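I have placed the structure first, in the form of C-alpha cells, so that the comments after it can refer back to it.
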Amino acid sequence: MPEPAAAPRTRFHHGDLHAQALAAARELVARSGVDELVLREVASTAGVNHRALYRHFPDKRALILQLAAQELDTLVRAMDVALACAHAANGPRVMMEVYVGYALEQPHLYEMVFSLPLRDDVDQETEVGQEVRKLIRLAARVFAREGDTPTITRDRVVRAWAAAHGLALLMRRGALRAGDRRATERYIVDASLLAAGESS
C-alpha cells in the first residue's frame, strides 16, 4: 500500500516570514515577558527555520525594536479610533483610557515598549522613534488648550504620562491596589488627568 504523500511544506515569502515572526514574538512576550524571548523559540512558534529568521532579525534587539514599533503604531491607531468617536473636551480622558487599558491588559508588551530608551530613538529617528513622535504629536493635539505655548502643552502631557506610567507599574508590582480591573483603570486615569491639571 503506498504511503500517504507528505503534506507540502509551507513556503514563506519574504514579507510573510517577517510578519509571522513578529506575531510569534508578540505572543511569546505577551505570555512570558521580553526577558524570556529567545529567537529560536520565535522561529519554532512561527513555524520557520531559525536561520531564515536571522535574515530578517540579526539579533534579539532588532526583533524587539520592530515589535515595539508595531505596538506603538497599533496603540496610536486605537487612540485615533477612540478619539474620533469622542467629544473634543473628553479627548484627554479618552486618550488616557486607551493608554492605561493597554498597560493593564498587556503588561509584558507595555513594559517592553516603555522600558526602551525612547528619547534616544526619537533623537536618532529610528522606526521606534518615528512611532513615538506620532504618539507625542497626538497627545499634544489632544491636551492642548487655547492660549497654550508648546512648552505648557508638553508639560501637561509629560505630567499625565508620568502619573499613568508610574501608577500602572506600581499596580502591576503589587505596591498599590485599587479594586478590580475597571476600578484600577479609572483610578489611574483620574490620577493622570489630575496630575495634568485636567478636570475629571
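Being farther than 29 Å from ALA183 by Cβ, assigned to a helix (DSSP H, G or I) and within 11 Å of the chain's Cα centre (by Cα) is a property that VAL122 lacks.
Within the range 104-141, being over 10 Å from ALA68 (Cβ atoms) and charged (D, E, K, R) holds for GLU105, GLU111, ARG119, ASP120, ASP123, GLU125, ARG133, LYS134, ARG137, ARG141.
Among the residues of the range 71-89, those that are surrounded by fewer than 20 Cβ atoms within 10 Å (Cβ to Cβ), of a type outside the set (Val, Ile, Thr) and modelled with pLDDT of 95 or more comprise ASP73, ARG77, ALA78, ASP80, ALA82, LEU83, ALA84. A single entry from LEU28, LEU17 fulfils the requirement of being surrounded by 13 or more Cβ atoms within 10 Å (Cβ to Cβ), at pLDDT 95 or above and out of contact with any strand residue (DSSP E or B) (no Cβ under 8 Å at 6 or more places or on another chain): LEU28. Provide a single number: the residues in the range 16-37 that are farther than 18 Å from LEU116 by Cβ and either hydrophobic (A, V, I, L, M, F, W, C) or assigned by TED's automatic domain parsing to the domain that holds GLN106 (or both). Of the residues in the range 16-37, 5 are farther than 18 Å from LEU116 by Cβ and either hydrophobic (A, V, I, L, M, F, W, C) or assigned by TED's automatic domain parsing to the domain that holds GLN106 (or both). A single member of GLY147, GLY166 is part of a helix (DSSP H, G or I) and either within 23 Å of GLU105 (Cα to Cα) or free of Cβ contacts under 8 Å to residues at least 24 places away in the same chain (or both), and it is GLY166.
When every residue of the range 66-89 is checked against the conditions, at least one turns out to be under 16 Å from the mean Cα position of the chain (by Cα) and basic (Lys, Arg).
In the range 37-53, which residue that is outside any helix (DSSP H, G or I) and under 22 Å from the mean Cα position of the chain (by Cα) is surrounded by the most Cβ atoms within 10 Å (Cβ to Cβ)? Here the residue is LEU37. Flag not set for ALA140, criterion: in contact with a helix residue (DSSP H, G or I) (Cβ under 7 Å, 6 or more places away or on another chain) and surrounded by 19 or more Cβ atoms within 10 Å (Cβ to Cβ). Here VAL48, VAL42, VAL113, VAL38 are screened, and the one residue that is within 24 Å of LEU167 (Cα to Cα) and either aliphatic (A, V, I, L, M) or touching a residue at least 40 places away in the same chain (Cβ under 8 Å) (or both) is VAL113. Tally time: how many residues in the range 54-68 are over 11 Å from ALA25 (Cα atoms), among the hydrophobic types (A, V, I, L, M, F, W, C) and in a helix (DSSP H, G or I)? Count: 2. Which of the residues that make up the range 95-108 are aliphatic (A, V, I, L, M) and either closer than 15 Å to VAL132 by Cβ or crowded, with 22+ Cβ neighbours inside 10 Å (or both)? Answer for the range 95-108, where residues must be aliphatic (A, V, I, L, M) and either closer than 15 Å to VAL132 by Cβ or crowded, with 22+ Cβ neighbours inside 10 Å (or both): MET95, MET96, VAL100, ALA103.
The values are calculated or read from the model by the stated rules, or taken from the named source; none is laboratory data. Predicted model only: the values in this text are computed from it and were never measured. Neighbour counts run over all protein chains shown; Cβ positions are idealised from the backbone, glycine included.
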